[in-house]
């Protein structure tokens with residue numbers, strides 16, 4: 001019984017020693033090995049590694065890109081406008097030993113990182129106008145902030161990847177007035193477009209009316225010309241007919257006159273010497 005107990009105890013001791021002698025580094029991790037508080041080595045290769053049990057200790061850190069996302073801050077631009085900026089900072093642990101000596105943990109790193117970023121952000125935004133920050137100069141501004149911040153983070157073993165603006169807005173108390181001015185400007189532009197459209201419509205209508213009058217005048221001129229030519233041709237025909245048989249021509253013209261002003265309800269009052277009365281009284285045609 002005592003022998004079995006001894007074996008179990010020995011097995012447990014061996015397992016404990018093995019557990020203290022070996023450690024695993026994940027592919028997303030990096031670590032430093034300390035011996036009684038003194039630095040021994042940095043381990044970046046993933047896999048199973050050995051250390052001296054009970055004497056050496058392992059402190060591991062994430063080697064992936066980390067994100068620091070703090071509350072939006074208020075800044076003053078070069079043209080004296082307040083701007084609320086919400087940004088994120090992406091960084092990684094480049095030197096685990098420096099990181100361990102200076103900030104120890106990710107919480108400590110963010111406590112050092114965030115004030116530096118905010119300070120550089122404040123200085124850089126103060127050197128640019130509001131319109132540039134929210135439009136064309138945003139990327140260069142953030143690149144400058146990241147470059148200046150990196151120069152102050154190397155002592156902490158931190159590598160800054162970049163600083164990005166998620167959102168840049170006016171303070172809530174001035175947004176309503178700005179939106180009001182924007183709305184008024186859009187209304188002014190809308191009225192301008194409508195006025196220009198009305199002016200163009202008037203010009204088009206005037207031009208169309210002028211074209212109509214020109215066409216009507218040309219049509220009337222053509223009509224008068226054709227009527228004149230027709231009248232001339234009719235007069236020539238009448239003249240020819242009169243020359244050939246004056247009496248028959250007179251008779252036909254009189255009949256045409258009858259058909260023009262006489263209907264079944266017409267009552268004529270004519271004198272005895274009227275030329276129209278001659279054919280109604282005794283319609284005689286002299287034969288030739």
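The values are calculated or read from the model by the stated rules, or taken from the named source; none is laboratory data. These numbers were taken from a predicted model, which means no experiment stands behind them. FYI the Cβ positions are ideal-geometry reconstructions off the backbone, even for glycines, and counts take in every protein chain you see.
Could you say whether any residue in the range 155-163 is assigned to a helix (DSSP H, G or I) and crowded, with 16+ Cβ neighbours inside 10 Å? So far as the range 155-163 goes, yes, one or more of its residues are assigned to a helix (DSSP H, G or I) and crowded, with 16+ Cβ neighbours inside 10 Å. The test for being in a helix (DSSP H, G or I), in contact (Cβ under 8 Å) with a residue 60 or more places away in the chain and over 22 Å from the mean Cα position of the chain (by Cα) does not hold for residue 204.
Do any residues in the range 248-262 that are at pLDDT 70 or above have Cβ atoms under 6 Å from those of residues that are in a helix (DSSP H, G or I), where the two are at least six apart or on different chains, and which pairs are they? Matching pairs, first to second residue: 254/279.
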